[in-house]
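A.B. asks: Provided herewith is a single structure, encoded as structure tokens, for subsequent inquiry.
Readers should treat all values here as calculations from the given coordinates under stated rules, not as data from a laboratory. Keep in mind the model is a prediction, meaning the values are calculated, not measured. Heads up, the Cβs are rebuilt from the backbone with ideal geometry, glycines too, and the neighbour counts pull from every protein chain shown.
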Amino acid sequence: MADINSTLRFNNYIVENIEFNTNYNYSGEDKKINFSIDNQCDFEENNFILHLGITIFPEAEKNDYPFTMKVRIVGLFEVDSQEDEKNKVYFAEKNSIAILFPYLRALISVYSSNANIGTVILPPINVLKYLEDKKNNKRQKEKGM
């Protein structure tokens with residue numbers, strides 16, 4: 001049987017920060033989940049650290065959302081040295097986000113349920129589309145748009 005193991009190994013994750021603020025002035029109107037994701041990648045030889053953050057319902061009082069929640073987790077990974085450098089970074093980033101995002105979703109579901117606001121279940125994301133949009137936004141900022 002062929003070796004099906006990935007060259008990326010997931011070692012662990014750590015919850016770096018959770019911030020939750022209730023909007024006591026919320027109207028009670030149903031709202032579509034509004035969230036944004038950010039990530040930062042740090043390489044040191046074959047060790048890879050991914051900082052993955054999310055903000056749900058930003059500026060709750062201004063936007064009449066029930067709350068604002070920010071969560072940041074850190075994933076610890078290793079990448080085999082056989083990957084070439086350019087490919088290694090992209091490969092590690094896209095796959096580590098795909099690995100960590102379900103942990104982020106679970107944290108948010110459990111936390112929101114325990115906060116007694118109803119369980120918030122984030123939809124899955126298209127990691128490749130997220131990274132493409134992030135790259136395009138960076139290019140636009142660099143061009144001064």
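A.B. asks: Going through segment 59-68 one residue at a time, which ones are under 19 Å from ASN116 (Cα atoms) and under 19 Å from the mean Cα position of the chain (by Cα)? Let's see the steps before the verdict.
C.D. replies: Restricting attention to segment 59-68, the residues satisfying the condition of being under 19 Å from ASN116 (Cα atoms) are 60-61, 64-68.
PHE67, THR68 - these are the residues of segment 59-68 that are under 19 Å from ASN116 (Cα atoms) and under 19 Å from the mean Cα position of the chain (by Cα).
A.B. asks: Same structure, new question: Is there any pair with a first residue in segment 96-110 that is within 11 Å of PRO124 (Cα to Cα) and a second that is part of a helix (DSSP H, G or I) whose Cβ atoms are under 9 Å apart and which are 6 or more apart or on different chains, and what are they?
C.D. replies: Pairs that qualify, where the first residue is within 11 Å of PRO124 (Cα to Cα) and the partner is part of a helix (DSSP H, G or I), are ALA98/VAL127; PHE101/VAL127.
A.B. asks: From ILE121, ILE99, ILE54, which residue is surrounded by fewer than 15 Cβ atoms within 10 Å (Cβ to Cβ) and more than 15 Å from THR22 (Cβ to Cβ)?
C.D. replies: ILE121
A.B. asks: What residue, of VAL74, VAL89, VAL79, is under 16 Å from the mean Cα position of the chain (by Cα) and either surrounded by 15 or more Cβ atoms within 10 Å (Cβ to Cβ) or of a type outside the set (Asp, Glu) (or both)?
C.D. replies: VAL74
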